[in-house]
Structure formats: C-alpha cells, structure tokens
C-alpha cells in the first residue's frame, strides 16, 4: 500500500476466557418468543451448551502503535465463501474493516471498504439482519440535526436462520408433539415437499436474489408459500451496477439450462439447507 502514511490493519488475538451460552438460550423456558405467540420459544428447540471461547479483536496500528481496537462480536456469513464481522457500540452495530475470504484463505478489506484508510464507522442496518438472522427489534434515534440512526434491542435478536423462518410458526407444532410423542409425522408445520416449485424457490429467493430489489415490507414476516412479489417491488433496472457481493443466485439458477430443462429442480437439488457451515475463522 503506497502513500505518505502507511496504515496496517492487523489482528491481535487477546486471550481471555469467556463463558458463552448459545446465543438464544433462555433461562426461563416459559418466556414467549419475541415474534409472537404463534412461534415456539427457541428453548424448546435447542438445548443450551456452554462454550469457552477466546475473544478476537481487529486492531489498527500506526507507526507500531495501536490506535484502535474492536472485538469481533458478530459474524455474518456461513463461511462457505466468506465471513464479515461486526462489533457492538452500545445498541448500534458496526462492520469491521477486514473479512475472511475462503477462496484466498486469507483476510482482506471488507467489501466496499477503502484501501487507504481504516474505517470502523460503517453502521450495519437492519436489512442485513433480515437475511442473517431470524428476528430483531429496531428503533430510530436522532443522529445529528437531520439524520437518524438505527439501534437494536440485543435481547430480541435471534441469530442465524432458525427452523421457523423456513417452516413457519411452530408453537402449535411443538405443543402437539410434546403431548403426542408417539406421533412421528410432523404436524402443524409447513412441509417443504408440499410446496410447488415456485414456492420452494421463493423461500430461498427471499435472501438469495441479490440486493437490488426494493422492499415493500420486512422479510421477517415472510412465511413459506407466500408470494415474493408481496415483499419486493418489481425491478426493471437494467443499468450496469458494480458486482453485488450478495450474488444473484436465483436469477442465475433460473437462467441455467439445467433448471430450464427440468420441472422439479430447485435450490435444494444441489444444496443442503440444513447443513450448518458457520465457523469462526
């Protein structure tokens, strides 16, 4: 990196023992799900497992002196292609300047970050969570004379994509099977196999169709079987944008000869939606 000033962003690993419970473990199993009474509390789906994990920090150095450091609090991305990290500052979340890219098996600037300076001030908006989490509550606060910023209720965040994002609210399902353990056929849940091909593809397209389409309403409310057009406005923009880091997987799938030559092919023909790839790199 050339210039009068050379700023190197490196990692410093600060070791400390931190007891971490599962992100959504609740001490009170009777506490209702934040999404409403139709949803099952995650305590009924996932057992708490205590983990011990070292803390990782991204630190900026100038002339061999540390000028700024922030902890990796949240990871975005499965790790199949890349992972980007964020840190909490109060109830606001900010993206860290370095991401891990699996293709090069190394760290590089997070997408869109400048190459000539360190930036720790990129706020993560709630739209990011709609495809990297299952729920959160947000509020708007004054951030200057004419601007506002988003703040989040940390206790409301359901990290990752849970069963109910793809199978619908599960409170009735859980109650039934707890009372009828001998019945092994899933009841009161949306069966993926019961959906037609368009509905199956739409389930994935909610988050895998790029980042250009304009939202009509939050996709946290999307339920399997609903029309994608009820959540996104039609896009007629044919301009040549810069490549979208989020990709346009659905559009590419629908353009493929394999898809066009089949009446049954969907995303899950090749991809296992239940495989958990998340691992802190």
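Just checking, does region 41-54 include any residue being touching a helix residue (DSSP H, G or I) at 6+ places or on another chain (Cβ under 7 Å), closer than 27 Å to residue 207 by Cβ and at pLDDT below 90?
If we filter region 41-54 for residues that are touching a helix residue (DSSP H, G or I) at 6+ places or on another chain (Cβ under 7 Å), which is where we start, we get 44-45.
Imposing the further condition that a residue be closer than 27 Å to residue 207 by Cβ reduces the set to 44-45.
Still in the running and at pLDDT below 90: 44-45.
Checked region 41-54: at least one residue is touching a helix residue (DSSP H, G or I) at 6+ places or on another chain (Cβ under 7 Å), closer than 27 Å to residue 207 by Cβ and at pLDDT below 90.
Mind checking which pairs have a first residue in region 54-77 that is touching a residue at least 12 places away in the same chain (Cβ under 8 Å) and at positive phi and a second that is in a strand (DSSP E or B) and crowded, with 17+ Cβ neighbours inside 10 Å, Cβ under 7 Å, 6 or more apart or different chains?
Close Cβ pairs satisfying both conditions: 77/83; 77/84.
Just the residues that are under 30 Å from residue 274 (Cβ atoms) and at pLDDT below 85, please, taken from region 56-77.
Selection gives 56 alone.
Which residue pairs have Cβ atoms under 7 Å apart, sit 6 or more places apart or on different chains, and have a first residue in region 174-200 that is over 15 Å from residue 263 (Cα atoms) and a second that is modelled with pLDDT under 90?
Close Cβ pairs (under 7 Å, with a partner that is modelled with pLDDT under 90) amount to 174/40; 174/44.
Please enumerate the residues belonging to region 227-256 that are surrounded by fewer than 16 Cβ atoms within 10 Å (Cβ to Cβ) and either in a helix (DSSP H, G or I) or modelled with pLDDT of 90 or more (or both).
227, 229, 230, 251, 252, 254, 255, 256
The values are calculated or read from the model by the stated rules, or taken from the named source; none is laboratory data. These numbers were taken from a predicted model, which means no experiment stands behind them. Using ideal geometry, Cβ is built from the backbone for each residue, glycine included, and neighbour counts are taken over all protein chains shown.
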